[in-house]
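Contents: one structure, followed by commentary.
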Amino acid sequence: MPESGAARLQRVFREADHPLFVPYVMGGYPDIDASRRHAQILAEHADIIELGIPFSDPLADGPTIQAAGQAALDGGTRPMDVLDIAGDLRDGPPVVVMTYFNTVIAQGAAAFLGTAAEKGVAGIIIPDLPVDEADEVREAAGRAGVALIALAAPTTDDARMAEIGASAEGFVYLVAVTGVTGGEMTMDDRLRALVDRARRHIPVPVVVGFGVRTPDQAVQIGELADGVVIASEIIRRIGDAPDAEAADAAVNDFGAGVAEALKPYSG
Amino acid sequence: MSVNMRFGPYGGRYVPETVIGALDELTEAYERYRDDPDFLSELGVLLSHYVGRPTPLYRAQRLERAWGIDDGLWFKREDLCHTGAHKINNALGQVLLARRMGKQRIIAETGAGQHGVATATAAALVGLGCRVYMGRTDMQRQRLNVIRMRMLGAEVHPVDSGSGTLKDATSEAIRDWVTNVDTTHYIIGSAVGPAPYPEIVADLQSIIGIESRAQMLDETGRLPGTVIACVGGGSNAIGIFRGFLDDADVALVGVEAGGEGPAGRHGASLALGRPGVLHGSYSYLLQDPDGQVAEAHSVSAGLDYPGVGPEHSHLHDIGRVSYVNATDEAALSAFLECSRMEGLIPALETSHALAHVRDAAASLRGGGPVLVCLSGRGDKDVDQAGAALGIDASA
Ligand SMILES: Cc1ncc(COP(=O)(O)O)c(C=O)c1O
């Protein structure tokens, strides 16, 4: 029996001596091959890769990820193409796919999760599937050996944090801002209190994302949480690059910079 | 009384975690106020003195003769509501609720602009700030309503994503809500969205069915044989159907947008879609095999939506309501016939319901009186329908 996704994720957190770096790649953006390359480049620097499957109506995403997802769909990207990228990454850091619920149930959740597991996917993040609607999918994910990663938000009260914590697997994705992806977080007392509250109620590692853009911000998050997701900023850098080679270099530089910043101080 | 979260397997709350707290708060507020005497009396006074309820029941005798509806063709005149459509019934109720919840800001999405106008109106009435999301395509085809909203003090925010229609406007409104949920109440315009919205909207619109059932009994001494309404998200339809759901002998028919016909683009979610999740609820949906939501098409902006309210999905599955569709072309010709024979310019949305009456007249004949929800008036459509029908203002 292969190690379950939840166990693999757990092991990464346990063995790391630094807060985990979780970069996001939108599968199919700017095209399938480029996104595979970007994921492979980031795999050199990352502890976990978050791999997005584009969806037509991404309610939790701001303009940057929306546009990248639309470009991926316009280029003909299908969920299977993105799961194939995950398969190509199976010898690297664990891959967590992120997609919306309708993608998961379109052909049946069990079938989708089974395919994901075959491709070596460790976990799945479904931002429009709150904990109270998730029982069936969590069960199907459990059977497939894929961890269903729950989300918590600034508006999640203590009782609900505990409810999320009680069924959490792998890690919990804590949304740093009240809003969609692509904004900018600020490290203030409110955010400190939020992470603190999440850690008190959630027994698995807490990874913070939404609005993290710079290595400095990643470090600030890393002082409080078990890991940090960076998404829109990477897409922005890819979009700003004049050509594919420059995009690869931008992804590499940024990934290396964040990874370096998160490494433990050894001097 | 607790609020319905599911209709059979349909409905639910498939939304980002960020707004779950607000949905809980809305659910609690609605449970508390739906039977609260102060709330009901404030709403009741506004519905009668401001909206003009009860709206009349009118017998459309010339169309009845032309189309051969022997047992009588009756219109429930929601077009006579203040602002010109049924949408105000919902917008007013929700604005009063928002004020009781202490929200300072109102947002809405709109397709045809009728819900946007109704929400802008209700927000102006109680002095709350209002922003309306509207697809760029819809801003062009319903430009008169854009001007009305702006005159009423609302900010109309264009949405360029997707096809620039109702689906895209709804997604953008939800994103605003996710970001400003502490201060903002989102007034969804149809019986769609995450629970408790479909139930709240249906409840606020059920006054259409309650009134018209009593009016039919008064006027004709009997219940209608068939009740017909157009279905975009399904708020006017569920509003009138709720008056008759328990009357097993009353046939209920929902008319979706047939667009260019089954081979082309359309908005017939129930006839041609399959269940999926869009905008927070599980319901019939136009989508591709991967679950990507398809772009709908209808000549009428208010029916140009790939989803449908979850209660309709349930009523479809259990066979209580039959869902049919009418093409753009059929709706446009019914629009003109109703204008010319009754002196009533109906909304293009409503014209779909009328087209079905005409085109199914043979099977309606002898089945008892036919009651149509005349959901709105067509002033907003004169540019677009005029262009399609070759009618303009040139000398
Ligand atoms: C007059 C009119 N009728 C019907 C509709 C369709 O909405 P619903 O299905 O929610 O009644 C609209 C929507 O804009 C409308 O303006």
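The values are calculated or read from the model by the stated rules, or taken from the named source; none is laboratory data. Here the structure is a predicted model, which means the values were calculated and not measured. Glycine gets a Cβ as well: all are built from the backbone with ideal geometry, and neighbour counts include every protein chain shown. Note: accessible area is taken over every heavy atom of the protein model, side chains too, but ligands, DNA and RNA are not part of it. Shrake-Rupley method; radii C 1.70, N 1.55, O 1.52, S 1.80 Å.
On the protein heavy atoms, probe 1.4 angstrom, tell me the percent of accessible surface of chain A carried by carbon and sulfur.
48
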As a Kirkwood estimate from alpha-carbon pairs, segment B:1-116 has a hydrodynamic radius in angstrom of 17.2
What residues of segment B:1-33 lose no less than 50 Å² of accessible area with every protein chain in place versus their chain by itself (probe 1.4 Å, heavy atoms only)? B:Arg13, B:Tyr14, B:Pro16, B:Glu17, B:Thr18
For segment B:147-190, I need the span (max minus min coordinate) of the C-alpha atoms along each principal axis, in Å, sorted largest to smallest. 29, 27, 19
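Given the alpha-carbon gyration tensor of segment B:51-126, what are the semi-axes of its equivalent ellipsoid in whole angstrom, ordered largest first, with each equal to the square root of 5 times an eigenvalue? Write out the running numbers ahead of the final one.
Details: eigenvalues 231, 29, 14 Å².
So the equivalent ellipsoid measures 34, 12, 8 Å along its semi-axes.
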Of A:Gly28, A:Gly179, A:Gly52, the most mobile residue in a GNM of chain A (C-alpha springs, cutoff 10 Å) is A:Gly179
Per residue, what volume in Å³ does the convex hull of the Cα atoms of segment B:92-240 enclose? 124
Which percent of Cα-Cα pairs in segment B:87-170 sits in each 5 Å bin, short to long? 3, 19, 29, 23, 16, 8, 3, 0
Between B:Leu217, B:Leu272, B:Leu80, where does the largest GNM mean-square fluctuation fall for chain B, given springs only between Cα atoms within less than 10 Å? B:Leu217
Kyte-Doolittle mean at least -0.5 and Cα extent at least 24 Å along the axis: which DSSP H helices of chain A qualify? A:244-262
Tell me, how many Å apart are the Cα centres for segment B:4-49 and for segment B:246-275? 27
Note to self: C-alpha centroids of segment B:334-385 and segment A:1-24 sit apart, in Å, by 62
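Which whole-number value in Å² is the accessible area per residue of segment B:59-181, probe 1.4 Å?
Working: 3730 Å² over 123 residues.
Per residue, segment B:59-181 has an accessible area of 30 Å².
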Residue order for A:Met80, A:Met185 - accessible surface, 1.4 angstrom probe, largest first: A:Met80, A:Met185
Between the chain alone and the structure with every protein chain in place, find the residues of segment A:108-128 that drop at least 30 Å² of accessible area; heavy atoms, 1.4 Å probe. A:Asp128
What percentage of all Cα-Cα pairs in segment A:1-135 are separated by more than 19 Å? 48
Enter the accessible area per residue of chain A (Å², integer; probe 1.4 Å; all protein chains in place). 38
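Give the average, rounded to an integer, of partner chain Cβ atoms located within 10 angstrom of each Cβ in A:173-180. If you can, show how the numbers build up before the last one.
Values: counts 1, 1, 4, 0, 3, 7, 8, 7.
Across A:173-180, the average partner-chain Cβ count within 10 Å equals 4.
Using a 1.4 angstrom probe on heavy atoms only, work out the carbon and sulfur share of the accessible area of segment B:127-266 in %.
Working: 2210 of 4460 Å².
The computed percentage sits at 50.
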Stokes-Einstein diffusion coefficient for segment B:283-395 at 25 °C in a medium of 0.890 mPa s, Rh from the Kirkwood formula over Cα pairs: what value in µm²/s? 156
For a paramagnetic label modelled at 7 Å from the Cα of A:Arg143 toward its Cβ, which residues of segment B:5-37 fall within the zone defined by backbone nitrogen distances under 18 Å? none
So what does log10 I(q)/I(0) come out to for the protein assembly as shown at q = 0.07 Å⁻¹, using the Debye formula with one equal point on every Cα and no solvent? -0.47
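Placing +1 at every Lys and Arg Cβ and -1 at every Asp and Glu Cβ, with all other atoms neutral, what dipole size does segment A:167-230 have around its Cα centre, in debye to the nearest 20?
On the way: 6 positive and 8 negative charges, 32 e Å.
In total the dipole reaches around 160 debye.
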Cα lying deepest toward the dipole's positive end in the protein assembly as shown, options B:Ser283, B:Gly116, A:Ser232, charges on Cβ: B:Gly116
Compactness summary of segment B:204-298: radius of gyration and Dmax from Cα atoms, Å, are 16.0, 52
Can you give the direction-averaged projected area of the convex hull of the alpha-carbon atoms in segment A:7-50, in nm²? 3.2
Let me know the charge dipole size of chain B about its Cα centre in debye, to the nearest 20, where only the beta-carbon of Lys, Arg (+1) and Asp, Glu (-1) is charged. 580
Debye-sum result for segment A:58-120 in log10 I(q)/I(0), which assumes one identical scatterer on each alpha carbon, at q = 0.14, 0.17, 0.23 Å⁻¹: -0.45, -0.67, -1.10
Do any residues of segment B:291-340 lose at least 10 Å² of accessible area when the full set of protein chains is present rather than just their chain alone, and if so which, with a 1.4 Å probe? B:Gly291, B:Gln292, B:Val293
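Can you give the accessible area per residue of segment B:249-291, in Å², using a 1.4 Å probe? The partial results should precede the final answer.
Working: 1360 Å² over 43 residues.
About 32 Å² of surface per residue is accessible.
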Dividing the convex hull volume of the alpha carbon atoms of segment A:69-178 by its residue count, what do you get in Å³ per residue? 112
Seen from all sides and averaged, what is the projected area of the convex hull of the Cα atoms in chain B, in nm²? 18.2
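If one takes the accessible area of chain A alone plus chain B alone and subtracts that of the pair, with a 1.4 Å probe, what total in Å², rounded to the nearest 100, results? Show your work: numbers first, answer last.
Numbers: alone 11590 and 14310 Å², together 23240 Å².
About 2700 Å² of accessible surface is lost on pairing.
One quarter of the convex hull surface, Cα atoms only: what value does that give for chain A in nm²? If you can, show how the numbers build up before the last one.
Details: hull surface 52.6 nm².
One quarter of the hull surface, i.e. the mean projection, equals 13.2 nm².
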Towards the positive end of the charge dipole of the protein assembly as shown, with charges on Cβ (+1 Lys, Arg; -1 Asp, Glu), say which of B:Gly367, A:Pro54, A:Gln10 has the farthest Cα. B:Gly367
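Can you pull a Stokes-Einstein diffusion coefficient for segment A:101-256 at 20 °C (1.002 mPa s), Rh from Kirkwood over Cα pairs, as a whole number of µm²/s?
Numbers: Rh = 16.8 Å.
Reported coefficient: 128 µm²/s.
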What order do you get for B:325-337, B:182-194, B:57-69 when each peptide is scored by the mean count of other beta carbon atoms within 10 Å, highest first? B:182-194, B:325-337, B:57-69
Calculate the mean, over all residues of peptide A:49-59, of how many other protein chain Cβ atoms lie within 10 angstrom of the residue's Cβ. 5
Among B:His297, B:Gly258, B:Tyr133, the residue whose Cα sits farthest towards the positive end of the charge dipole of chain B, when +1 is placed on the Cβ of each Lys and Arg and -1 on the Cβ of each Asp and Glu, is B:Tyr133
Shielding of B:225-231 by other chains, given as the mean Cβ count within 10 Å, works out to 0
